[in-house]
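The values are calculated or read from the model by the stated rules, or taken from the named source; none is laboratory data. Being a predicted model, the structure only gives us computed values, none of them experimental. Glycine also receives a Cβ, built like all others from the backbone with ideal geometry; neighbour counts cover every protein chain displayed.
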């Protein structure tokens, strides 16, 4: 059994992401990965401006645009992002 305890304030991950992005350059591409219900507000905030990725079983519903099934897939995704950024291009078989 899991209990989620949240403070009685009107603040959540979506508002935190909004504050972080407020002063960021418009050409910044935010990437938000999350694995539970508390990440849904952040997915909604980033959607349309960046990349949202739910980490977990694909049968769960989420506001995220993409899904990775486990931390191993997250690791591979981040390695690919790093390689693309380092090389400035995306080539098949880069990793």
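Quick notes
- Test: residue in the stretch 8-18 that is more than 24 Å from residue 81 (Cα to Cα) and not in a loop (DSSP other than H, G, I, E, B): yes
- Qualifying residue in the stretch 16-34 (condition: farther than 29 Å from residue 5 by Cα, surrounded by 12 or more Cβ atoms within 10 Å (Cβ to Cβ) and in contact with a helix residue (DSSP H, G or I) (Cβ under 9 Å, 6 or more places away or on another chain)): no
- From 38, 72, residue being modelled with pLDDT of 95 or more, in a helix (DSSP H, G or I) and over 10 Å from the mean Cα position of the chain (by Cα): 72
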